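Asker: So that we are looking at the same thing, I have put the structure below in structure tokens.
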Amino acid sequence: MTQNTHTNHTSDTTKLDVMVIGAGVAGLYQLHRMREMGMSVRAYEAGSGVGGTWYWNRYPGCRFDSQAEIYQYWFSEELYKSWQPSERFPAQPETEKWMNYVADNLDLKKDIQFNTRIKSAHYNENTDRWLVTTDDGEKIDTQFLIACCGMLSAPLVNRFPGQSSFKGEIHHTGLWPKEGVDLKGKKVAVIGTGATGIQVIQTIAPDVGSMKIFVRTPEYVIPMKNPKYTKEIWAEWGDKFHDLKKRVKETFAGFDYDFEAPPWNDLNKEERTEILEKHWNDGSLSLWLATFPEIFFEEDASQEVSEFVRKKMRARLNNDPKLCDLLIPKDYGFGTHRVPLENKYLEVYLQDNVEAVNCREAGIEEIVPDGIKTTDGKIHEVDVIILAVGFDAGSGALSRIDIRGRKGQSLKEQWQNEIKTAMGLQVHGYPNLFTTGAPLAPSAALCNMTTCLQHQVDWISGCIDYAIKHGKQVIEASQEFEDDWVRHHDEVANKTLVVKTDSWYMGSNVDGKPRRLLSYIGGVGNYHKKCDELAKNGYPGFLMS
Ligand code: NAP
């Protein structure tokens with residue numbers, strides 16, 4: 001352990017105590033924590049700036065669905081209070097600015113290598129260290145490797161045959177060009193109506209010449225309420241800093257709200273509807289994450305709440321039977337997919353220059369030079385194609401790196417058979433590799449990301465600190481601990497209706513991906529308690545030598 005903040009270069013290898021991959025929400029904080037601990041640490045980031053999700057996703061309308069007062073770092077009250085969000089749900093440019101503000105405030109950028117993608121990471125069992133290589137040939141020899149690669153950061157770019165033949169512009173939302181894309185007056189196609197597609201569609205609708213929206217699976221949607229935040233309002237949130245910091249660690253999904261309604265069966269339908277109306281009017285995700293937990297477990301509850309939302313959606317579509325059939329979910333229950341917040345999204349379909357293409361009747365066959373060919377033989381001619389088709393979530397970012405642990409075992413190959421982790425923090429067989437935003441921890445699907453990522457960073461930092469103080473060099477989750485966690489994870493997940501629904505939550509958006517709920521659904525508060533318990537008891541299950 002070199003125990004200093006200087007990078008140690010030999011002729012062609014950079015030697016570190018800790019290497020962090022990624023400079024997003026988790027990576028920045030992890031770098032900060034490791035520097036505080038006096039480790040020689042460096043972060044490597046594929047983008048040219050900090051931000052992670054907020055660097056790559058610059059598509060029109062990108063914003064978060066967690067309120068600004070809780071999409072925050074909690075390690076510095078001063079930092080919290082001195083930032084001024086402009087509204088309740090700020091858009092991407094503001095969040096990217098905020099992340100730069102944090103990075104500059106802590107002077108983190110000097111220890112981040114930008115424009116560098118990690119190609120491989122191989123564990124050397126003789127030295128108990130990782131040898132990492134970058135796309136420009138740099139080699140890094142590090143004791144600890146902490147992957148802060150993001151849960152939704154491996155965009156499904158090559159989704160359709162013939163993409164390269166298209167004469168116009170084609171962009172995935174997760175790789176949106178920095179200089180923007182001119183859509184004014186253009187014929188635009190949007191493929192995908194998940195949380196991303198919805199934000200794009202509602203934002204570009206006033207500018208495009210015409211728009212064809214390719215809809216396969218519709219989403220239940222909730223209208224967002226996004227008031228401006230004045231200095232006075234932010235000062236009030238600042239006064240609640242300590243309460244909020246404590247609160248987000250205890251709730252089901254890492255938000256400040258939680259399931260607080262009386263049990264479903266103690267109320268009659270009118271009483272339940274009153275509660276749903278109240279949360280509907282809040283214009284946040286509280287309708288999903290702070291009304292009735294029964295919607296995740298019980299068909300009757302799921303049906304009733306789904307119908308409550310469907311009714312609202314039908315009214316907005318003027319009860320048009322064709323649009324209602326296409327855009328209102330029938331085959332799965334409310335909340336078993338990620339619920340998007342939106343702003344006049346459904347009304348876009350009522351515009352004369354907008355056509356909804358029903359991919360359930362005729363799916364996309366291929367991209368051709370002039371546009372998109374569907375299985376009914378029709379060619380939809382457009383100038384620009386926007387791929388809002390999602391990500392290889394959870395496992396994708398790590399599988400795109402050639403990671404090899406003990407005996408040369410490949411993580412990618414292992415996860416092609418079964419996706420397993422030890423609480424999303426380590427994988428057995430990959431010593432001294434820690435992960436944030438990884439499968440089987442509460443994450444994007446069921447957690448306010450800043451809450452979960454910071455918690456994981458804190459836990460990882462505490463674990464490494466403990467090992468160092470006890471003279472240990474190697475930390476590895478035992479097979480038994482990992483198996484127990486996977487069993488518990490599945491037991492909790494399999495009681496819910498989420499596992500019966502297809503979406504990226506279950507990995508079903510990627511051909512051949514083994515099916516398992518990617519996020520832990522036992523609650524953020526419970527996960528925190530379990531992690532704290534481990535730390536208090538000297539990390540049983542995480543073997544140290
Ligand atoms: P997504 O939820 O996976 O949605 C992808 C969309 O593309 C789906 O509608 C999917 O339809 C469609 N699609 C994929 N392949 C298709 C094909 N061959 N033909 C027709 N349609 C196809 O991805 P996303 O919208 O990028 O969202 C991913 C996650 O990112 C969200 O769930 C959320 O967690 C996060 N996110 C958050 C925010 C926010 O905070 N506000 C905003 C954006 C994203 P099928 O379902 O039928 O496959």
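The values are calculated or read from the model by the stated rules, or taken from the named source; none is laboratory data. Since the structure is predicted, the reported quantities are computational estimates derived from the model, not experimental observations. In this analysis, Cβ positions are derived from the backbone assuming ideal geometry, glycine residues included, and neighbour counts consider all displayed protein chains.
Asker: Which of the residues spanning the stretch 163-172 are surrounded by 14 or more Cβ atoms within 10 Å (Cβ to Cβ) and not in a strand (DSSP E or B)?
Answerer: Result: Q163, F166, G168.
Asker: Turning to a different aspect of this structure: If you check N432 against the conditions, is it at pLDDT 95 or above, crowded, with 20+ Cβ neighbours inside 10 Å, more than 16 Å from the ligand (Cβ to nearest atom) and of a type in the set (S, T, N, Q)?
Answerer: Yes, satisfied.
Asker: What pairs come out if I take residues in the stretch 354-370 that are on the phi < 0 side of the Ramachandran plot and pair them with residues that are at pLDDT below 95 and not aliphatic (A, V, I, L, M) whose C-beta lies under 6 Å away, six or more apart or interchain?
Answerer: Every condition considered, no pair remains.
Asker: Could you please give the count of residues in the stretch 134-158 that are at negative phi and either within 16 Å of the ligand (Cβ to nearest atom) or assigned to a loop (DSSP other than H, G, I, E, B) (or both)?
Answerer: 13
Asker: For L350, work out the one condition from (1) closer than 22 Å to R216 by Cβ; (2) of a type outside the set (D, E, K, R); (3) touching a helix residue (DSSP H, G or I) at 6+ places or on another chain (Cβ under 7 Å) it doesn't fulfil.
Answerer: For L350, the failing item is (3).
Asker: For the stretch 149-157, does any single residue satisfy the condition of being out of contact with any helix residue (DSSP H, G or I) (no Cβ under 9 Å at 6 or more places or on another chain) and at pLDDT 95 or above?
Answerer: No; the residues of the stretch 149-157 include none that is out of contact with any helix residue (DSSP H, G or I) (no Cβ under 9 Å at 6 or more places or on another chain) and at pLDDT 95 or above.
Asker: Please indicate, with yes or no, whether at least one residue in the stretch 208-230 is touching a Pro at 6+ places or on another chain (Cβ under 9 Å), part of a loop (DSSP other than H, G, I, E, B), within 22 Å of G522 (Cβ to Cβ) and more than 12 Å from the ligand (Cβ to nearest atom).
Answerer: No, the stretch 208-230 has no match at all.
Asker: Take Q454 and decide whether it is surrounded by fewer than 23 Cβ atoms within 10 Å (Cβ to Cβ) and either within 15 Å of the ligand (Cβ to nearest atom) or not hydroxyl-bearing (S, T, Y) (or both).
Answerer: Against the criterion (surrounded by fewer than 23 Cβ atoms within 10 Å (Cβ to Cβ) and either within 15 Å of the ligand (Cβ to nearest atom) or not hydroxyl-bearing (S, T, Y) (or both)), Q454 does not qualify.
Asker: Report yes if N124 is over 30 Å from E476 (Cα atoms), modelled with pLDDT of 95 or more, out of contact with any Lys or Arg (no Cβ under 7 Å at 6 or more places or on another chain) and more than 16 Å from the ligand (Cβ to nearest atom), otherwise no.
Answerer: No; evaluated as a whole, the condition is false for this residue.
Asker: May I pose another question? Give all pairs with beta carbons closer than 8 Å in which a residue from the stretch 379-400 that is touching a residue at least 40 places away in the same chain (Cβ under 8 Å) and more than 22 Å from V200 (Cβ to Cβ) meets a residue that is of a type in the set (V, I, T) and more than 8 Å from the ligand (Cβ to nearest atom); count only pairs at least 6 apart in sequence or on separate chains.
Answerer: G394/I419; S395/I419; L398/T435
Asker: Collect the residues in the stretch 379-410 that are aliphatic (A, V, I, L, M), away from the ligand (no atom under 14 Å from the Cβ) and in contact with a helix residue (DSSP H, G or I) (Cβ under 9 Å, 6 or more places away or on another chain), keeping them in residue-number order.
Answerer: Those that are aliphatic (A, V, I, L, M), away from the ligand (no atom under 14 Å from the Cβ) and in contact with a helix residue (DSSP H, G or I) (Cβ under 9 Å, 6 or more places away or on another chain): L398, I401, I403.
Asker: Within the stretch 55-90, work out how many residues are among the basic types (K, R), assigned to a loop (DSSP other than H, G, I, E, B) and surrounded by fewer than 18 Cβ atoms within 10 Å (Cβ to Cβ).
Answerer: So in the stretch 55-90, the residues among the basic types (K, R) come out as 58, 63, 81, 88.
Restricting the remaining residues to those that are assigned to a loop (DSSP other than H, G, I, E, B) gives 58, 88.
Narrowing further to those that are surrounded by fewer than 18 Cβ atoms within 10 Å (Cβ to Cβ): none.
Final tally of qualifying residues: 0.
Asker: Mind checking which residues of the stretch 263-320 are hydroxyl-bearing (S, T, Y) and part of a helix (DSSP H, G or I)? Spell out the reasoning first.
Answerer: Initially, the stretch 263-320 is screened for residues hydroxyl-bearing (S, T, Y), giving 273, 284, 286, 291, 302, 306.
Within the stretch 263-320, T273, S286, S302, S306 meet the criteria.
Condition check ((1) assigned to a loop (DSSP other than H, G, I, E, B); (2) over 18 Å from V389 (Cβ atoms); (3) within 12 Å of the ligand (Cβ to nearest atom); (4) modelled with pLDDT of 95 or more) across all residues:
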site	(1), (2), (3), (4)
K184	yes, yes, no, yes
V188	no, no, no, yes
T193	yes, no, yes, yes
Y257	yes, yes, no, yes
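Asker: List every residue pair whose Cβ atoms lie under 7 Å apart, where the two residues are 6 or more positions apart in sequence or sit on different chains, the first residue falls within the stretch 341-353 and is on the phi > 0 side of the Ramachandran plot, and the second residue, located anywhere, is crowded, with 18+ Cβ neighbours inside 10 Å.
Answerer: K344/Q202
Asker: Separate question: When the residues of the stretch 504-545 are narrowed to those that are in a helix (DSSP H, G or I) and among the hydrophobic types (A, V, I, L, M, F, W, C), which ends up nearest to the ligand (Cβ to nearest atom)? Steps first, please.
Answerer: From the stretch 504-545, those in a helix (DSSP H, G or I) are 504-506, 524-536; that's our starting set.
Now drop any that are not among the hydrophobic types (A, V, I, L, M, F, W, C), which leaves 504, 506, 524, 531, 534-535.
Working: W504: 4, M506: 11, V524: 15, C531: 22, L534: 27, A535: 28 Å.
Looking at residues that are in a helix (DSSP H, G or I) and among the hydrophobic types (A, V, I, L, M, F, W, C), I get W504.
Asker: I need the full set of residues from the stretch 208-242 which are of a type in the set (F, W, Y) and closer than 30 Å to T375 by Cα, in order please.
Answerer: Kept after step one, since they are of a type in the set (F, W, Y), are these residues of the stretch 208-242: 214, 220, 229, 234, 237, 241.
Once the filter is applied, which keeps residues that are of a type in the set (F, W, Y) and closer than 30 Å to T375 by Cα, the stretch 208-242 yields F214, Y220.
Asker: Out of A253, A261, A235, which single residue is within 14 Å of the ligand (Cβ to nearest atom) and out of contact with any Pro (no Cβ under 7 Å at 6 or more places or on another chain)? So that I can check it myself, show each step before the final result.
Answerer: Details: A261 fails: within 14 Å of the ligand (Cβ to nearest atom); A235 fails: within 14 Å of the ligand (Cβ to nearest atom).
Going through A253, A261, A235 in turn, just one is within 14 Å of the ligand (Cβ to nearest atom) and out of contact with any Pro (no Cβ under 7 Å at 6 or more places or on another chain): A253.
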